[in-house]
1. Please compute the volume of the convex hull spanned by the alpha-carbon atoms of region 8-113 and report it per residue in Å³.
2. Note down the nm distance, to one decimal, between modelled labels 7 Å out along Cα→Cβ at I59 and at A6.
3. At 7 Å along the Cα-to-beta-carbon direction for both Q108 and V193, put a label point, then send me their distance in nm to one decimal.
4. If you put +1 on each Lys and Arg Cβ and -1 on each Asp and Glu Cβ, how big is the dipole of region 50-137 around its Cα centre, in Debye rounded to 20?
5. Quick check on packing: order 218-228, 13-23, 49-59 by the mean number of other C-beta atoms within 10 Å, highest mean leading.
6. Any of K95/K197; K28/K73; K73/K197 with alpha carbons more than 30 Å apart? Name them for me.
7. If you place +1 on the Cβ of every Lys and Arg and -1 on the Cβ of every Asp and Glu, how big does the dipole about the Cα centre of region 3-95 come out, in debye to the nearest 20?
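Quick note: the coordinates plus some simple rules give every number you see, no bench work behind them. Values in this document were obtained by computation on a predicted structure and should not be read as measured data. When we count neighbours, we look across all protein chains shown, and the Cβ atoms used for this are built from the backbone with ideal geometry, even at glycine.
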Amino acid sequence: MCPEAADAALWKEYAETRSEGCRERIVKRYLPLIKYVVGRMVVTPPSGLDYEDLLSFGIFGLLDAIERFDLSKGFSFQTFAVPRIRGAVLDELRKCDWFSRTGREKVQRLNRAMERVLRDRGRLRDDWVMQEMGVDERTYLEAQELASRSYIASLDEVSVLEDGEVAIEDTLADDREGAQERLEFEGDREQLVAAMKQLTEREQQVLSLYYYEGLALKEIGRVLGVTESRVSQIHGHALSALRATLQGAESRRAVRRP
């Protein structure tokens, strides 16, 4: 029996019996999915927690997904479970107050400084951003580290709908939209491409390996010959730069609208 058929048979048995034994087999079957999801999350466990704790948080999401999954809907369990595993981990981290109010304020200050530098100078440089923030290198790097640990939705995030999961990138275009909306969507894509070109080669590498190749931060570190912490920092800086660039472009576009 092929793996797909075996999975279907297992889910059918569970739907009919709801037996504990069958449920345990499903949990064991999909435990590697938790490692995949946690490995792709750009979060650093707070003091007192470690990677194993994050995996245990993910089990809550897996169990919730198992109870709510409906094979008859026609989509895969992996697609259904991933956002729930990720959400369970984030929920538990929030309970631990892993990202304090002070931390959020530092990240917001960093983002505002990057937006101003981009607006005034047309590109980003670390020394310019530090000057705009009025901080030394140590404080600046601390803000970068905090930014790298913040959770930012990306195009591989999914929206949970009644009939399954739809990627955010699949919801950006609408066949019913008018010419103006289509032009604006094309403009968004062009702005994203332009913003990507402003990143350093190393930042582009990290984003490509993470979002297109599906590598975890630790794996990217091995590829690039740097620590996982450094990869996280590069990733955070790149996303902050992209966000500053795109927000600046959106502000300029809003001014031009009638």
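1. Residue-normalised Cα hull volume stands at 121 Å³.
2. 2.3
3. The two pseudo-label positions are separated by 3.6 nm.
4. Its charge dipole is roughly 540 debye.
5. Highest mean packing first, the order is 49-59, 218-228, 13-23.
6. Over 30 Å Cα-Cα: K95/K197; K73/K197.
7. For region 3-95, the charge dipole is close to 200 debye.
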